[in-house]
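Peer 1: The following block contains the structure, expressed as structure tokens.
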Amino acid sequence: MERWADFLERLGDWNPQLLREIRARVKPRTLLVAIVASVVLQILMFAAFAQVPLPPECWGEGEGFCPVTGQLLWRVQFYILSVLIPLWLYVLGGFTLVDDLSREEFRGTLSFIRIAPRSSSSIILGKILGAPILSFLGAALLLPYHILSGFGARVPLSALFSYYLLVGAGAGFIYCFGILVAFFTADLKVVPRLGNISGVPFLYGFFCLYFAIIYLVGTSLRHGPPSGLSWPFPP
Amino acid sequence: MSILQTLNLTKQFDRQLAVNGVNLTIEAGEIYGLIGPNGAGKTTLIRMLTAVDEPTAGEILIHGQRFRPGDRDPELKRQLGYVPDDYPLYDELTVWDYLDYFARLYLLTGAPRRQRLEEVLSMVELTEKRDSLIATLSRGMRQRLSLARSIIHRPALLFLDEPVSGLDPVARVMVRNIIKRLQQDGTTVLVSSHILSDLEEVCSSIGIMELGRLVESSRLQEVYSRLAKQQVLIGVVDGLERLRQVLAEHPLVQGTELVLATGLLRVDFGGDAQAAADLLRSLVTAGLPVCEFHQTKENLEEIFFKMGYQRTS
């Protein structure tokens, strides 16, 4: 506990905004909700796949006549989780960030941050890392299951690593874009939600990135380099 | 020595000129009261002075150094404190976490930061509420917390926009005492308020704004000596009508008004102290049962009505 307090102390000196976001969001109740949501999702998914009757000879890659193999089941789970993790990060995290910033602008608390002597880049970094922190936690809790299913599906470690890099970079892009949207809509004096007109470019960027990830995961599971790779979105 | 100076400061919103060529000078260590009717441009002026809004034209000098929104000089920013009229807060944080956050934003670290937090909590009398959620605080407490936030970094220049609006008399006195204490500690304060009796008690200088212009800016004593009419308050045991008749014939009496709260007659009087003494003698000689007699002056509210509000109306 003392180490945690010491860690928070140093974190706050480095980036007060990040500490504020953590203090405002990480409370027993919200923490429990994020953990329970993530764990329940995993349990349900695991239980669903555990129901599939699999003869012993069909475990692993399968020997003889095996319409469904253990490896295939892991692949499907890996695929589903690979779709869920960015969805969780981008939709929940992005929305939380945009909503938080626009609320701050709307109620006037951003004025105090503007006139404080800290740099705006430090404040924005604190927001990006802190506002979606519960989404990060939920997504992080999905990782062990995702890695396990990746190993079960014989996904190369390099592909797994590349996937995480891509998802992380995508989150950075989405969050930066979200901040732009929040400031833009705050100037228009409306409280932005994803449903209003300003959310359209945000959603467009999100879906382009999201389906690109799904597409790449899908092709990487087909063993061998993807063929006929075509970008389905304009331009 | 002036701590703040503005040169032809102007703010235009679309077609509306909110602040029009304001030249303001505030001396170090004084409490400057900014008064004016709603829409006079006080809040816009303060928002420009704190670099929350950008001026359309003109300059702001702090200690003679040019200051603009987006100014990256952290030393210059650390000299300013600001409490807006709506004092927005983070309801989801505790009092201590809220102040701690701003102390860190203002680069306070370690033990000195914790010590300063204790100091300001004690100054605004919120020590017992340090672990309470802001959402649970009363309006007066929220206002004091906002004040605590603005002084956590010991600013040289503090801007308070309507700091006592909506507060009960006890909370108003508390805020007034805090402002006085800040001045004793060397802080220069610019305070805008509609409660002129509060300003009268704490301010050393005042500025009157009207339609975006600063129509008056001087030391309070100077304003009184130049603009405030001499007045005499007279109380009689009975015979109020006869008193009015006697006064009406006096050459230095310019008007009378009954103060309902006290039952005294307020007399606009164009003479000095000796003339007032002569007036008292003449009343007694006329056989009036005078039980009270005070020489006084018009207060700030009356001056404001004469100067600013009436023109705007």
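The values are calculated or read from the model by the stated rules, or taken from the named source; none is laboratory data. None of the values given here were measured: they were computed from a predicted structure. Cβ placement follows ideal geometry from the backbone for every residue including glycine, while neighbour counts extend to all protein chains displayed. For accessibility, only protein heavy atoms count, side chains too; no ligands or nucleic acids. Shrake-Rupley method; radii C 1.70, N 1.55, O 1.52, S 1.80 Å.
Peer 1: Kindly state, to the nearest 0.05, the FRET efficiency for B:Val215 paired with B:Phe13, given R0 = 22 Å and r defined as their beta-carbon distance.
Peer 2: Plugging the Cβ-Cβ distance into 1/(1 + (r/R0)^6) gives 0.60.
Peer 1: Counting only helical runs of four or more DSSP H residues, what would the 222 nm mean residue ellipticity of the protein assembly as shown come to if each run contributes -39,500 (n - 2.57) and the total is spread over all its residues?
Peer 2: After summing the helix terms and dividing by residue count, I get -16000 deg cm²/dmol.
Peer 1: May I pose another question? Which helices, taking whole DSSP H runs in chain B, have alpha carbons extending 15 angstrom or more along the helix axis plus mean Kyte-Doolittle at least -0.5?
Peer 2: B:95-105, B:169-184, B:273-285
Peer 1: Could you rank B:Met174, A:Met1 by how accessible they are, 1.4 Å probe, largest area first?
Peer 2: Solvent-accessible surface, decreasing: A:Met1, B:Met174.
Peer 1: How big is the Cα convex hull of region B:229-297 in projection, averaged over all directions, in nm²?
Peer 2: 4.0
Peer 1: Turning to a different aspect of this structure: Which of the peptides B:131-138, B:189-196 is most tightly packed, and how do the rest follow, going by the mean number of other Cβ atoms within 10 Å of each residue?
Peer 2: Output ranking for B:131-138, B:189-196: B:189-196, B:131-138.
Peer 1: Grab the other residues whose beta carbon is less than 10 angstrom from that of B:Tyr82, score K and R as +1, D and E as -1, and report the net. Don't skip to the answer; put the middle values down first.
Peer 2: Details: positive: B:Arg47, B:Arg149; negative: B:Asp161.
Taking every other residue near B:Tyr82 into account, the sum is +1.
Peer 1: Would you mind giving the mean number of other chain beta-carbons within 10 Å of the Cβ of each residue in A:109-121, as a whole number? Working shown, then result.
Peer 2: On the way: counts 4, 2, 8, 14, 3, 6, 10, 11, 14, 6, 2, 2, 0.
The mean count of partner-chain Cβ atoms within 10 Å per residue comes to 6.
Peer 1: Right, another one. What distance in nm separates the two pseudo spin-label positions at A:Ser120 and A:Tyr164, each 7 Å out from Cα along the beta-carbon direction?
Peer 2: About 3.4 nm separates the two model spin labels.
Peer 1: To one decimal place, what orientation-averaged projected area in nm² is obtained for the convex hull of the Cα set of region A:46-160?
Peer 2: For the Cα atoms of region A:46-160, the hull's average projected area reads 9.5 nm².
Peer 1: Using only atoms on other chains, find how many Cβ atoms lie within 10 Å of each Cβ of peptide A:3-10 and report the average.
Peer 2: Other-chain Cβ atoms within 10 Å of each residue's Cβ, averaged: 1.
Peer 1: Between B:Val170 and B:Asp131, what FRET efficiency comes out of the Förster formula 1/(1 + (r/R0)^6) with R0 = 22 Å and r the beta carbon distance, rounded to 0.05?
Peer 2: 0.40
Peer 1: Calculated FRET efficiency, B:Asn38 and B:Ala277, Cβ-Cβ r, R0 51 Å, to nearest 0.05?
Peer 2: 0.75
Peer 1: To continue, here is another question. Picking from B:Leu167, B:Leu288, B:Leu227, which is most flexible by a Gaussian network model of chain B using Cα springs under 10 Å?
Peer 2: Comparing B:Leu167, B:Leu288, B:Leu227 in a Gaussian network model of chain B, the most mobile one is B:Leu288.
Peer 1: When N is the residue count of region B:25-122, what does its C-alpha Rg come to as a fraction of 2.2 N^0.38 Å? Kindly include the intermediate steps, with their values, before the conclusion.
Peer 2: Numbers: Rg = 15.9 Å, N = 98, 2.2 N^0.38 = 12.6 Å.
Region B:25-122 yields a ratio of 1.26.
Peer 1: Quick check: Cα centre of region A:91-107 to Cα centre of region B:1-48, how many Å?
Peer 2: The distance from the Cα centre of region A:91-107 to that of region B:1-48 comes to 33 Å.
Peer 1: Expressed in nm to one decimal, what extension gain is obtained for the pair A:Val76 and A:Met1 from 0.36 nm per residue of sequence separation less their Cα-Cα distance?
Peer 2: 23.0 nm
Peer 1: Then there's this: Quick one: net charge of A:Leu125's neighbours, Cβ under 15 Å, K/R +1, D/E -1?
Peer 2: Its environment carries a net charge of +1.
Peer 1: Less than 27 Å apart at the alpha-carbon level, and either on another chain or at least 8 residues along: which lysines does that give for A:Lys27?
Peer 2: Partners found: A:Lys127, B:Lys129.
Peer 1: Are there trypsin sites (Lys or Arg not before Pro) in region B:20-72 that DSSP marks as loop and that have at most 10 other Cβ atoms within 10 Å, and which are they? Don't skip to the end; give the middle numbers.
Peer 2: Numbers: sites: B:Lys42, B:Arg47, B:Arg66, B:Arg72; in loops: B:Arg72.
Qualifying residues, ordered by number: B:Arg72.
Peer 1: Pick from B:Arg149, B:Arg15, B:Arg113: which residue has the top mean-square fluctuation in a GNM of chain B where Cα pairs under 10 Å get a spring?
Peer 2: B:Arg15
Peer 1: How big is chain B in terms of Cα radius of gyration and Dmax, in angstroms?
Peer 2: Looking at chain B, its Cα Rg and Dmax stand at 23.4, 75 Å.
Peer 1: Once Lys and Arg get +1 and Asp and Glu get -1 on their Cβ, which of B:Leu107, B:Ser2, B:Leu182 lies farthest toward the positive end of the dipole of region B:2-225?
Peer 2: Result: B:Leu107.
Peer 1: Let's see if you can work this out: charge +1 on each Lys and Arg Cβ, -1 on each Asp and Glu Cβ, no other charges. What is the dipole magnitude of the protein assembly as shown about its Cα centre, in debye to the nearest 20?
Peer 2: The calculated dipole for the protein assembly as shown is roughly 1120 debye.
Peer 1: List the lysines whose Cα sits under 26 Å from the Cα of B:Lys229, skipping any in the same chain fewer than 8 residues away.
Peer 2: By straight Cα distance, B:Lys229 reaches B:Lys297, B:Lys306.
Peer 1: Which is farthest toward the positive dipole end of the protein assembly as shown among B:Ile151, B:Ser165, A:Ala153, measuring Cα position about the Cα centre, with Cβ charges +1 (Lys, Arg) and -1 (Asp, Glu)?
Peer 2: A:Ala153
Peer 1: Using the scaling law 2.2 N^0.38 Å as the reference, what is the normalised Cα Rg of the protein assembly as shown?
Peer 2: 1.39
Peer 1: Using a Cα-Cα cut-off of under 20 Å, which aspartates and glutamates could be cross-linked to B:Lys180, ignoring same-chain neighbours fewer than 8 residues away?
Peer 2: Within the straight-line cut-off, B:Lys180 pairs with B:Glu27, B:Glu30, B:Asp85, B:Glu118, B:Glu119, B:Glu125, B:Asp161, B:Glu162, B:Asp168, B:Asp198, B:Glu200, B:Glu201.
Peer 1: Averaged over A:13-21, how many beta carbons belonging to a partner chain fall within 10 Å of each residue's beta carbon?
Peer 2: Working: counts 6, 1, 1, 9, 3, 0, 4, 10, 1.
That average works out to 4.
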